[in-house]
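Colleague: Following this message is one structure expressed as structure tokens.
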Amino acid sequence: LQTNVQLGRSLANRVPALHRLHWIGGSAVKLEGGAEFVVLQPRSGSVVARCASATRAQIAAAIETARDAQPEWAERTWLARGEVLRKAAQLIREHLEPLAVAECEDNGKPIYEARMDVASCAETFDFYAGVGASLARPHYPLDSSHFVYTRREPIGVVGCVGAWNYPLQTCSWTTAPALAAGNAVVYKPSPLSPLTARLLAEILQEAGLPNGVYNVVQGEGETGAVLVESPRINKVSFIGSIMTGKTIVQACAARSIKHVTLELGDKSSLIILEDADVDSAVAGAMIANFFSQGQVCSNAIKVLVHRSIVDAFTARLVAKTAAMKVGDPLDESTKVGAVISKEHRAKVKAYIDGAVAEGARLLYGGREVTVAGLEGGFYLEPAILTDIREDMTVCKEEIFGSVLLVIPFDEVEEALRMANGTDMGLAVGVFTKNMSKAHKLAARLHAGNIYVNTYNDVSPFVPFGGYGQSGFGRENGLAALEHYTQLKSVFISTDENLQNPFQ
Ligand code: NAD
């Protein structure tokens, strides 16, 4: 109880953590010598910390720390490791509020969303705490005296590189299965939201994770590049953009051969058929576009609506979007918080303005907003555009912001072609009352996640990942565990005298 109180104080008072953002071998450390990056609060634009990136030598030392700690952790039973993960889940729930506030300040998302994210991290740790029992593998009888069994073993040290849009949630997506399987982790968060992966280290330590099994090194792309190219790590797990993902795959093969999991970007669609319930479809379109200021990898920016209902749909969508409060993410009534950075806000705004210049019609939003008392914050209204042509930039590139394109269609085949008309494939949604049509479309859509009459649901039970350029490997579920373990086949003969084929 005593240490829990200390952990609570530590999480509530985040300032020390901000000044010792690296975590190596079970200790918070302030490193020196590397290029400095500045940590800003999106809600206010104010500087909250300056941090030196880990240097090549410091990253190498963190990897060696993880290598030293990993064998003892791997020796423990699945149940013993699960106990630590279950305790971590419990501590995350106990400290949900300070963690949510930290996420909200670090990332700019509304506090109600940050609470949902933190709660889902606890679920992820809980799921992987109990997963060992489901790994029973077959015994292969070859003949009366030969059989084979398989062992599922950890890979070793996993280097994780994270994105900024769901900092703690995506950290738990990689860390929980990696640790459950007996690996050690060196985690590099995005420099735009470096705090909560570091706070998780304190929780894991309090839960009983041995020192050195989970380490956090901070820095920008260069730090990530040094981590992933190191031949001393055995697997890389990356969540980020397609461009960086391509560089990472090359780096993973440059000095050694590593296992790689990539969760990348997308250009998703939501198909709303003529029989859909319009209010549900409006709710679905908003869920598919407006969480986390639209900075969601699976967001369905292309909302393809059957022409017979497009006017009713658009009118209700605009009214409901206009009613969303843009404001301080810490305010309970805020529905749209701050975009991650000034540069990212300018990028999203440029896509909106560019679309209008190319002939699109702005139905709502897209203006920068100044929030009283937080004048330096990065606020932008969600935007709804129509009169979209498929050759427009806004229809082709990932925007990663609250920009929703209403695109009418006449025939379902046309909608299918537009939804599949991308080389990415993380998610597609369908709204219809006709389940037969929904299942047929689900089979023909090219994406790793299909949502029917819902959107953007995730669960620790369910594999999540992409087709095509959206990446490979899966997060969540037993599928993720496959990517943090390697399979060993053990061939056994019960013959007392092995026949010699050479005699
Ligand atoms: P990003 O690719 O710019 O950066 C991601 C991470 O990679 C950061 O930590 C960054 O410092 C690091 N990095 C940059 N260059 C690197 C290099 N050469 N080697 C190693 N690491 C390097 O992406 P971002 O802007 O942080 O995140 C937004 C992108 O992430 C979007 O495209 C979004 O769709 C994607 N994303 C995908 C998922 C998913 O589950 N599929 C989830 C969240 C975000």
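The values are calculated or read from the model by the stated rules, or taken from the named source; none is laboratory data. Source: prediction; values computed, not measured. Cβ placement follows ideal geometry from the backbone for every residue including glycine, while neighbour counts extend to all protein chains displayed.
Colleague: Scanning for something without any contact (Cβ under 8 Å) to a residue 12 or more places away in the chain and either away from the ligand (no atom under 14 Å from the Cβ) or surrounded by 24 or more Cβ atoms within 10 Å (Cβ to Cβ) (or both), does region 253-268 turn up at least one residue? Before you say what the answer is, go through the steps one by one.
Modeller: Of the residues in region 253-268, the ones without any contact (Cβ under 8 Å) to a residue 12 or more places away in the chain are 253, 257.
Still in the list and also either away from the ligand (no atom under 14 Å from the Cβ) or surrounded by 24 or more Cβ atoms within 10 Å (Cβ to Cβ) (or both): 257.
Looking for residues that are without any contact (Cβ under 8 Å) to a residue 12 or more places away in the chain and either away from the ligand (no atom under 14 Å from the Cβ) or surrounded by 24 or more Cβ atoms within 10 Å (Cβ to Cβ) (or both), one finds at least one in region 253-268, hence yes.
Colleague: Oh, and also: Hey, any hits in region 387-396 for a residue that's within 25 Å of residue 264 (Cα to Cα), in contact (Cβ under 8 Å) with a residue 60 or more places away in the chain and surrounded by 24 or more Cβ atoms within 10 Å (Cβ to Cβ)?
Modeller: The answer is no; no qualifying residue exists.
Colleague: Looking only at residues that are in a loop (DSSP other than H, G, I, E, B) and away from the ligand (no atom under 16 Å from the Cβ) in region 339-361, which one is nearest to residue 112 (Cα to Cα)?
Modeller: The residue in question is 360.
Colleague: Considering region 394-440 alone, what residues qualify as being within 16 Å of the ligand (Cβ to nearest atom), among the hydroxyl-bearing types (Ser, Thr, Tyr) and out of contact with any Lys or Arg (no Cβ under 7 Å at 6 or more places or on another chain)?
Modeller: 402
Colleague: Residues 43, 81, 67: which one is in contact with a helix residue (DSSP H, G or I) (Cβ under 8 Å, 6 or more places away or on another chain) and part of a helix (DSSP H, G or I)?
Modeller: Values: 43 fails: part of a helix (DSSP H, G or I); 67 fails: in contact with a helix residue (DSSP H, G or I) (Cβ under 8 Å, 6 or more places away or on another chain).
Matching residue, one of 43, 81, 67: 81.
Colleague: Separate question: Pick from region 419-477 the residues that are among the β-branched types (Val, Ile, Thr) and farther than 23 Å from residue 390 by Cα: which of them is nearest to the chain's Cα centre (by Cα)?
Modeller: Just the residues of region 419-477 that are among the β-branched types (Val, Ile, Thr), to begin with: 422, 428, 430, 432, 450, 452, 454, 458, 462.
Narrowing further to those that are farther than 23 Å from residue 390 by Cα: 432, 452, 454, 458, 462.
Values: 432: 28, 452: 21, 454: 19, 458: 10, 462: 14 Å.
So, considering only residues that are among the β-branched types (Val, Ile, Thr) and farther than 23 Å from residue 390 by Cα, the one nearest to the chain's Cα centre (by Cα) is 458.
Colleague: Of the conditions (1) without any contact (Cβ under 8 Å) to a residue 24 or more places away in the chain; (2) out of contact with any Leu (no Cβ under 9 Å at 6 or more places or on another chain), residue 373 clears all except one; give me its number.
Modeller: Going through (1) without any contact (Cβ under 8 Å) to a residue 24 or more places away in the chain; (2) out of contact with any Leu (no Cβ under 9 Å at 6 or more places or on another chain) one by one, residue 373 breaks only (1).
Colleague: Right, something else. Considering region 182-197 alone, what residues qualify as being in contact with a helix residue (DSSP H, G or I) (Cβ under 6 Å, 6 or more places away or on another chain) and within 16 Å of the ligand (Cβ to nearest atom)?
Modeller: Once the filter is applied, which keeps residues that are in contact with a helix residue (DSSP H, G or I) (Cβ under 6 Å, 6 or more places away or on another chain) and within 16 Å of the ligand (Cβ to nearest atom), region 182-197 yields 185, 186, 187, 188, 189, 193, 195, 196, 197.
Colleague: Somewhere in region 425-432, is a residue touching a Pro at 6+ places or on another chain (Cβ under 9 Å), buried (at least 21 other Cβ atoms within 10 Å of the Cβ), outside the structural domain of residue 119 (by TED's automatic domain parsing) and closer than 30 Å to residue 107 by Cβ?
Modeller: no
Colleague: Of all the residues that make up region 480-503, how many are aliphatic (A, V, I, L, M) and under 16 Å from residue 132 (Cβ atoms)?
Modeller: The total comes to 3.
Colleague: Looking at region 338-355 only, could you name the residues that are of a type outside the set (D, E, K, R) and surrounded by 16 or more Cβ atoms within 10 Å (Cβ to Cβ)? Working first, answer last.
Modeller: Let us first name the residues in region 338-355 that are of a type outside the set (D, E, K, R), namely 338-341, 344, 346, 348, 350-352, 354-355.
Within region 338-355, 338, 339, 340, 341, 344, 348, 351, 352, 355 meet the criteria.
Colleague: Now, a different point. Please list, ordered by first then second residue, the pairs with beta carbon atoms under 6 Å, 6 or more apart or interchain, first in region 341-358 and within 22 Å of residue 104 (Cα to Cα), second more than 13 Å from the ligand (Cβ to nearest atom) and at pLDDT below 95.
Modeller: Within 6 Å, no pair qualifies.
Colleague: Here's a check for you: in region 464-486, which residue that is among the hydrophobic types (A, V, I, L, M, F, W, C) and in a helix (DSSP H, G or I) is nearest to the ligand (Cβ to nearest atom)?
Modeller: 480
Colleague: Let me ask another. Hey, does region 205-228 have a residue that's within 14 Å of the ligand (Cβ to nearest atom), of a type in the set (A, V, I, L, M, F, W, C) and more than 21 Å from the chain's Cα centre (by Cα)?
Modeller: yes
Colleague: Name the residue that is surrounded by the fewest Cβ atoms within 10 Å (Cβ to Cβ), counting only residues in region 317-337 that are among the hydroxyl-bearing types (Ser, Thr, Tyr) and not in a helix (DSSP H, G or I).
Modeller: 333
Colleague: Okay, next question. Any idea which of 428, 490, 406 is touching a Leu at 6+ places or on another chain (Cβ under 9 Å), in contact (Cβ under 8 Å) with a residue 40 or more places away in the chain and over 24 Å from residue 117 (Cβ atoms)?
Modeller: 406
Colleague: List the helices (runs of 4 or more DSSP H) inside region 203-316, counting only whole elements, that have at least 1 residues being polar (S, T, N, Q) and under 21 Å from residue 191 (Cα atoms).
Modeller: 221-229, 242-254
Colleague: Sticking with this one: Pairs please, first residue from region 215-233 and surrounded by fewer than 19 Cβ atoms within 10 Å (Cβ to Cβ), second anywhere and aromatic (Phe, Trp, Tyr), Cβ atoms under 9 Å, 6+ apart in sequence or on different chains.
Modeller: Going by the 9 Å Cβ cut-off, the qualifying pairs are 220/37.
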